[in-house]
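**Q** The structure is given below, and queries will be raised subsequently.
Only the coordinates and a few stated rules stand behind these numbers; no lab work does. What you are looking at is a predicted structure, and each value in this text was computed from that prediction instead of being measured. Here the Cβ is made from the backbone with ideal geometry for all residues, glycine too, and neighbour counts use every protein chain on show.
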């Protein structure tokens, strides 16, 4: 049975083929125009899923890169601010060093104080640096100035973290309470108005604790007295298990610019406690006392009755060897040479006075050694009772048991240090100026560490940005394999389709020429 092929059937088949080839030509033209093989889901459903995943990754990389650029900008401004701060601290230290010398006097120190106050104001301005409309050093309080005119911190301690990679966060700030503080030494809160009475027990490293004998405990002591007692020059240890006599001879004692006073040591006063009582009985500007360890071993110490004043103890025991370290000569002490040791308790103390408040500051000596200060505020022989370890009154403000339990803190504001120097200059206080140098050294050390930290984070951000750029290139290459058209192949396909269409055109002229008019004759 044969099938009759009508003109209509031929026309429909021609139209269908024409539309199909025209559709193919449209696809190829789009590929040539866009360079993309996949422009809509129907082009390649499976391939489209791959391209979408790669494009999500590219969007993430783009966001990470923007975050990194923002972080680099913030850290670069922070680094610049810290560099400027370093210059201010260096200049402040230079001024303090100049005025701590013998050439410093009321007039020069008054003039120097003007510059210190200007440097103080410059430091406040640096602390209130901005990145666009956000304060760099305010933590989360980016709309609040980090410091007021007095140098009081008004931000918080939070770190601002940003994502710079998949699951990778990094900090873009340093809070002002860290950047503008010296963090190596332990400091009390204000001791102004406090009655400092009781006993301290001091342990350096894993050594044996030392505490004051009952007769030498603090009674209404000033911060300066505690400082000078902790820093006092001391003899070696007198062993409690051995009956020790210091020997006989003569001590010539002098405090500051006072007149020398002679003390004879004989069999009536040749034990450590007797020497202490004899020196204190002279009432000539030198105070003696005893630190005792848990085994009863004793150390004699000497300090000036007037805080900060120098002392000397010359020895003559008639044995032609007055400067060795045994017997009476163990007490020899001048400004230049000494058989006594300073900081024998393993810590060093100083007083900082910003004109409003006084604080005691402690650091280990040698540096890096742990130390503990225990308190017996009521001197009842029991250490660290509840009343001995509060944080509001008296001697207990000095309590320091460990890093986790302490009334001391380890951040001293640079502004407090500069206030202290200004106050010392105003009062012509040489000892206070010298203390400022020590504190400024610590401030510079802290700033160097913070600047190094910022620099290392900048390097990390730069490295991460480089890795992001490498990742982006790799992902775009993989995306191109799936998504991009092969232009040479598309051009060949276009030529093929055009040839096919031309053949269809010629064929249609020959085969589809008949119409209704052919039958109307």
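**Q** Using every alpha carbon pair in the stretch 186-410, what percent of pairs falls into each 5 Å bin from 0 up to the bin containing the largest distance?
**A** The percentages, shortest bin first, are 1, 7, 14, 19, 19, 16, 11, 7, 4, 1, 0.
**Q** Once R0 is set to 25 Å, what does the formula 1/(1 + (r/R0)^6) return for the Cβ-Cβ distance between residue 267 and residue 370, expressed as a FRET efficiency to the nearest 0.05? Please report the intermediate quantities before stating the final value.
**A** Details: r = 43 Å, r/R0 = 1.70.
Working from the Cβ atoms, E equals 0.05.
**Q** What Kirkwood hydrodynamic radius do you get for the stretch 352-468 when you take the inverse of the mean 1/r over all pairs of distinct Cα atoms, in Å?
**A** Values: mean 1/r = 0.0580 Å⁻¹.
Kirkwood radius, the stretch 352-468: 17.2 Å.
**Q** Sticking with this structure for a sec: Set the Förster radius R0 to 25 Å, insert the Cβ-Cβ distance between residue 403 and residue 159 as r into 1/(1 + (r/R0)^6), and round the FRET efficiency to 0.05. Can you show the working numbers first?
**A** Working: r = 20 Å, r/R0 = 0.81.
Here the calculated transfer efficiency is 0.80.
**Q** Using a 10 Å cut-off on Cβ atoms, rank the peptides 128-136, 414-422, 343-351 from the highest mean neighbour count down. Write down the numbers at each step before the final one.
**A** Working: 128-136: 16.2, 414-422: 25.1, 343-351: 21.8.
Going by the mean number of other Cβ atoms within 10 Å, highest first, we get 414-422, 343-351, 128-136.
**Q** Beyond 12 Å, how much of the Cα-Cα pair distribution for the stretch 261-310 remains, as a whole percent? Intermediate values should be presented prior to the final figure.
**A** Details: 793 of 1225 pairs.
Summing the P(r) of the stretch 261-310 above 12 Å gives 65 percent of all pairs.
**Q** If R₀ is 60 angstrom, what is the calculated FRET efficiency for the pair residue 56 and residue 219, using the beta carbon separation as r and rounding to 0.05?
**A** Details: r = 74 Å, r/R0 = 1.23.
Once the sixth-power term is evaluated, E becomes 0.20.
**Q** Let a ≥ b ≥ c be the square roots of the eigenvalues of the Cα gyration tensor of the stretch 277-361; is it rounded (a/c under 1.5), or, if not, prolate (a/b larger than b/c) or oblate?
**A** Values: a/c = 2.01, a/b = 1.66, b/c = 1.21.
Because a/c hits 1.5 or more and a/b exceeds b/c, the stretch 277-361 counts as prolate.
**Q** Rounded, prolate or oblate: pick one for the stretch 93-210, where a ≥ b ≥ c are the square roots of the eigenvalues of its C-alpha gyration tensor, a/c under 1.5 means rounded, and failing that, prolate if a/b is larger than b/c, else oblate. Walk me through the numbers on the way to the answer.
**A** Details: a/c = 2.29, a/b = 1.26, b/c = 1.82.
Oblate is the answer for the stretch 93-210, as a/c is 1.5 or above yet b/c matches or exceeds a/b.
**Q** Let me check the size of the stretch 331-376 from its C-alpha atoms; what are the radius of gyration and Dmax in Å?
**A** 14.1, 39
**Q** Now for a different question. In whole Å, what is the distance between the alpha-carbon centres of the stretch 249-316 and the stretch 320-358?
**A** Distance between centres, Cα-based: 12 Å.
**Q** Could you grab the relative contact order for the stretch 161-255? Cα pairs under 8 Å, six or more apart, rounded to a whole percent.
**A** Rounded, it is 16 percent for the stretch 161-255.
**Q** So, one more: Normalised by the residues of the stretch 186-410, what does the relative contact order come to in percent, with Cα pairs under 8 Å and at least six apart?
**A** Working: 503 pairs, mean separation 64.1, N = 225.
Value for the stretch 186-410: 29 percent.
**Q** By its C-alpha gyration tensor, with a ≥ b ≥ c as the square roots of the eigenvalues, how is the stretch 187-272 shaped: rounded for a/c under 1.5, else prolate for a/b larger than b/c, else oblate?
**A** On the way: a/c = 2.45, a/b = 1.40, b/c = 1.75.
Oblate.
**Q** Moving on to the next point. Among 392-398, 106-112, 431-437, how do they line up by average Cβ neighbours within 10 Å per residue, starting with the highest?
**A** Descending mean neighbour count gives 431-437, 392-398, 106-112.
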